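Visitor: The structure follows.
The values are calculated or read from the model by the stated rules, or taken from the named source; none is laboratory data. Worth saying up front: this structure is predicted, and the values here are computed from it rather than measured. Positions of Cβ are backbone-derived with ideal geometry, glycine not excepted, and every protein chain shown enters the neighbour counts. For the accessible areas, the whole protein counts, side chains as well, though only heavy atoms, and no ligand, DNA or RNA atoms are used. Shrake-Rupley method; radii C 1.70, N 1.55, O 1.52, S 1.80 Å.
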Amino acid sequence: MLRVLKSPKIAFGLGLFLFFALMAIFGPSIAPYPDPLKLVGTPWQHPSGQHLLGTTQQGQDVYSQLLIGARPTLMISLIAGVIATLLSVIIGVAAGFFGGIGDNLLSMLANIFLVLPALPFLIVINSYLPAGGKSNSFLLATIISLTGWAWGARVLRAQTLSMRKRDFVDAARISGERSWRIIIFEIVPNLVPVIASSFVFTVLYAMGTYVALAFIGAIDPNQPWSWGSMLFWAQSNTAAQVGGWYWFAAPGICVALLGTSLVLLNFGIDEFINPRLRAAGLSRKGLKAAGVRSSNTLGLTPVVRKTPVPAATIIEETV
């Protein structure tokens, strides 16, 4: 665990993500105005001591809207990420382990969802939801997860295909272990880093999708109130044209920073589980400070050698 946290990407990404997690937990409690739609000031008031991020066209506090909108945005993204990751593990590992017709059918299903235009598909599904369903956070997260599991399932299927013929799997099968026990106790533990990377990527996808759906008005922009709701109302009230840049800049920057934290976490996990990326991540300055010579060839895993072997020694050993 400590080795993972030493990665600058993971450390910075995790710190940034924890900041937004704390905002989501305590934001509604520390917001100056608990109701994001409450009229508390004059319209289009620029950022000041009274309103840190200004006010909207109707006089609502933008800072309060930002703090209150953090919780639904992050919560729906995490729920969608969990559901999509579970689908990826179940479908991907089952397809790779059992093979045969089931593998072909599940792979075809994953390919269909990979080429399916996600946003139009979600808009069509949301149009058939009842009025109460469009404001149900869990239902919205479940719908978003339907278009986010296929990529992870394909990766996990490929990893499972490479593992099912390993010695430890054959030994478990010969000893009489059932298939479900082999999958849960032998294969899935070896896929944890890949599953973690898939989860982080899916959360990033879910956040962007949810914000986009709220921004275009495909879901109720007020229930629950989110950063997408702020962007929707800022665009509807022409904030960019009248100088209300702070109304859309605040949620836009938060979405960008939260996405950056997830991308850094994903890169850090990939670097940790991929030996080529991990070796390539060694800085030349750090290698020189340690007195290590590195020989990096394009397309090959970098080879690190502390002391060169004399040519005379090689000749003697050959003779």
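Visitor: With the stretch 80-159 as the region, which helices (runs of 4 or more DSSP H) entirely inside it contain at least 1 residues that are among the polar types (S, T, N, Q) and within 23 Å of SER226 (Cα to Cα)? Even if it seems obvious, please write down each step before you answer.
Guide: Details: elements: 100-115, 118-127, 137-145.
It comes to 118-127, 137-145.
Visitor: I'd like to verify a number: residues in the stretch 68-93 that are open to solvent by 10 Å² or more (accessible area, probe 1.4 Å) and in contact with a Gly (Cβ under 7 Å, 6 or more places away or on another chain), how many?
Guide: Result for the stretch 68-93: 3.
Visitor: Still on this model: Consider only pairs whose beta carbons are under 7 Å apart and that are at least six residues apart or on different chains; among these, list those whose first residue lies in the stretch 11-28 and is in contact (Cβ under 8 Å) with a residue 40 or more places away in the chain and whose second residue is open to solvent by 40 Å² or more (accessible area, probe 1.4 Å) and not in a helix (DSSP H, G or I).
Guide: Listed by first residue and then by second, the contacts come to PRO28/PRO34.
Visitor: Still on this structure: In this structure, does PHE98 turn out to be of a type in the set (Phe, Trp, Tyr) and surrounded by 17 or more Cβ atoms within 10 Å (Cβ to Cβ)? First the steps, then the outcome.
Guide: Details: of a type in the set (Phe, Trp, Tyr): yes; surrounded by 17 or more Cβ atoms within 10 Å (Cβ to Cβ): no.
So PHE98 does not fit the description; no.
Visitor: Next question. Just the residues that are farther than 21 Å from PRO72 by Cβ, outside any strand (DSSP E or B), open to solvent by less than 30 Å² (accessible area, probe 1.4 Å) and of a type outside the set (Gly, Ala, Ser), please, taken from the stretch 4-59.
Guide: ILE10, HIS51 - these are the residues of the stretch 4-59 that are farther than 21 Å from PRO72 by Cβ, outside any strand (DSSP E or B), open to solvent by less than 30 Å² (accessible area, probe 1.4 Å) and of a type outside the set (Gly, Ala, Ser).
Visitor: For ILE112, state whether it is open to solvent by 70 Å² or more (accessible area, probe 1.4 Å) and under 19 Å from GLY152 (Cα atoms).
Guide: Details: open to solvent by 70 Å² or more (accessible area, probe 1.4 Å): yes; under 19 Å from GLY152 (Cα atoms): yes.
Considered against the rule, which asks whether it is open to solvent by 70 Å² or more (accessible area, probe 1.4 Å) and under 19 Å from GLY152 (Cα atoms), ILE112 comes out as yes.
Visitor: Residue by residue through the stretch 219-247, note down the ones that are open to solvent by 10 Å² or more (accessible area, probe 1.4 Å) and in a loop (DSSP other than H, G, I, E, B).
Guide: Pass one, the stretch 219-247, residues open to solvent by 10 Å² or more (accessible area, probe 1.4 Å): 220-225, 231-233, 235-238, 240-243, 245.
Within the stretch 219-247, ASP220, PRO221, ASN222, GLN223, PRO224, TRP225, ASN237, THR238, ALA240, GLN241, VAL242, GLY243 qualify.
Visitor: On to the next question. Would you pick out the residues in the stretch 209-218 that are outside any loop (DSSP other than H, G, I, E, B) and not hydroxyl-bearing (Ser, Thr, Tyr)? First the steps, then the outcome.
Guide: Restricting attention to the stretch 209-218, the residues satisfying the condition of being outside any loop (DSSP other than H, G, I, E, B) are 209-215.
VAL211, ALA212, LEU213, ALA214, PHE215, listed by residue number.
Visitor: OK, next. Exactly one of (1) of a type in the set (S, T, N, Q); (2) within 22 Å of VAL203 (Cβ to Cβ); (3) in contact (Cβ under 8 Å) with a residue 24 or more places away in the chain is unmet by SER107. Its number?
Guide: With respect to (1) of a type in the set (S, T, N, Q); (2) within 22 Å of VAL203 (Cβ to Cβ); (3) in contact (Cβ under 8 Å) with a residue 24 or more places away in the chain, SER107 is out only on (2).
Visitor: So which residues in the stretch 250-265 are open to solvent by 20 Å² or more (accessible area, probe 1.4 Å) and either within 10 Å of the chain's Cα centre (by Cα) or over 22 Å from GLN65 (Cβ atoms) (or both)?
Guide: Step one: filter the stretch 250-265 for residues open to solvent by 20 Å² or more (accessible area, probe 1.4 Å), giving 252-253, 255-257, 260, 263-265.
Of everything in the stretch 250-265, those that are open to solvent by 20 Å² or more (accessible area, probe 1.4 Å) and either within 10 Å of the chain's Cα centre (by Cα) or over 22 Å from GLN65 (Cβ atoms) (or both) turn out to be THR260, VAL263, LEU264, LEU265.
Visitor: In the stretch 128-149, which residues are small (Gly, Ala, Ser) and in contact (Cβ under 8 Å) with a residue 60 or more places away in the chain?
Guide: Let us first name the residues in the stretch 128-149 that are small (Gly, Ala, Ser), namely 131-133, 135, 137, 141, 145, 148.
Hits for the stretch 128-149 are SER135, SER137, ALA141, SER145, GLY148.
Visitor: On to the next question. Does the stretch 120-134 contain at least one residue that is open to solvent by less than 40 Å² (accessible area, probe 1.4 Å), farther than 30 Å from ALA158 by Cα and not aliphatic (A, V, I, L, M)?
Guide: The answer is yes, given that some residue of the stretch 120-134 is open to solvent by less than 40 Å² (accessible area, probe 1.4 Å), farther than 30 Å from ALA158 by Cα and not aliphatic (A, V, I, L, M).
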